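The block underneath contains the structure these notes are about, expressed in structure tokens.
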Amino acid sequence: MINQMNIDAIRDERLNQEHLEIQLENLKSVYKKKTFDIFKLEKQTEAILENLTNIDLEINGYMQELQILQVQIDSMEISLNNARSQVPFENDYLNRKSYYQAAYESVDPECFNLIGLENEKLMKVLISLDGLDFQIKRASELMEDLAEREYVCFHFERDIENDVERISKNNYAYKSEVQLLSWLKSIDIVPLILVNSVQQTALLDLIDKKYIWYDICNDGDLLWGEQATSKMKHFELLEVADMVTYSNRRWKRYTLSRNDSMVWKPCEGSYEVLTKMIFGESFNHDK
């Protein structure tokens, strides 16, 4: 009886030992798998970090190229301004005006008509004209703000694909001033024209009915220079404009002949003045 009990005990001990050995083998297998998974993750992490490092290097390279391009663009703009300052303003004005007069009847303004503006919308049309990059940027920011206030806004952009493109609700970009003039000649509206350069008056003077918003957004040396005729055009704009604004208080000195001139920034404008002007109440007290 005792021997049988010993035999049973030995058998149970062996079974337990075998069970533990099986569990140990299973644990070893799991451990090896987890260790291999960790190794794979470490390798993947190393690869990702290496890719991120390469991406950072590429970004730094692109940033350096961008800085170089910006310097080149600034230099080209300065050269362009210098070249323009050497061309008599009166000749430039007459050449531009002659070109617009000769070309507008031969182009199709249908790209503007396709927008399908209702009569109510046609009473609140704002248009900015071509200019230098800083002028276009300023104008597009003003138009974006005013479009959100239910004005229908058109601003000039050189690089759009179509003749007229919808940027957002009530906000459109166009790339041909000749088509713009042809459209304005074909419909009965009184748009508000945003002007921020005396060079733009060659087109402005061909628009029969308009309100004029004269906005000064940079130093006078860039906007009209030292030529007497261009300076006279600046003073003429001050006199005839329905509204005169400036982007920075530094430029107020250019508007001293207009007691009603005001600073205007996107989202910080005197919108009630615009509303009065659009509906026929000129803000120019000198008129």
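Among (1) without any contact (Cβ under 8 Å) to a residue 60 or more places away in the chain; (2) under 17 Å from the mean Cα position of the chain (by Cα); (3) farther than 22 Å from R96 by Cα, where does R138 come up short? Failing condition for R138: (1).
The residues of the range 223-260 that are among the polar types (S, T, N, Q) and open to solvent by 10 Å² or more (accessible area, probe 1.4 Å), listed by number, are Q227, T229, S247, N248, S257, N259.
Going by what's in this entry, would Y104 be described as in a helix (DSSP H, G or I) and either modelled with pLDDT of 85 or more or closer than 20 Å to H234 by Cβ (or both)? The answer is yes for Y104.
Among the residues of the range 165-178, are any under 24 Å from Y104 (Cβ atoms), part of a strand (DSSP E or B) and out of contact with any helix residue (DSSP H, G or I) (no Cβ under 9 Å at 6 or more places or on another chain)? Taking every residue of the range 165-178 in turn, at least one turns out to be under 24 Å from Y104 (Cβ atoms), part of a strand (DSSP E or B) and out of contact with any helix residue (DSSP H, G or I) (no Cβ under 9 Å at 6 or more places or on another chain).
Taking the stated definitions as given, is S106 over 26 Å from T255 (Cβ atoms), out of contact with any strand residue (DSSP E or B) (no Cβ under 6 Å at 6 or more places or on another chain), open to solvent by less than 50 Å² (accessible area, probe 1.4 Å) and free of Cβ contacts under 8 Å to residues at least 40 places away in the same chain? So S106 does not fit the description; no. Of Y31, Y99, all but one fail to be among the hydroxyl-bearing types (S, T, Y), modelled with pLDDT under 85 and open to solvent by 90 Å² or more (accessible area, probe 1.4 Å); the exception is Y31. Criterion first (within 23 Å of N113 (Cα to Cα), buried (at least 19 other Cβ atoms within 10 Å of the Cβ), of a type in the set (A, V, I, L, M) and in contact with a helix residue (DSSP H, G or I) (Cβ under 9 Å, 6 or more places away or on another chain)) does A202 satisfy it? So A202 fails the test.
The values are calculated or read from the model by the stated rules, or taken from the named source; none is laboratory data. Worth saying up front: this structure is predicted, and the values here are computed from it rather than measured. No Cβ is skipped: glycine too gets one built from the backbone with ideal geometry, and neighbour counts run over all protein chains shown. The area values use the complete protein model at the heavy-atom level, side chains included, leaving out ligands, DNA and RNA. Shrake-Rupley method; radii C 1.70, N 1.55, O 1.52, S 1.80 Å.
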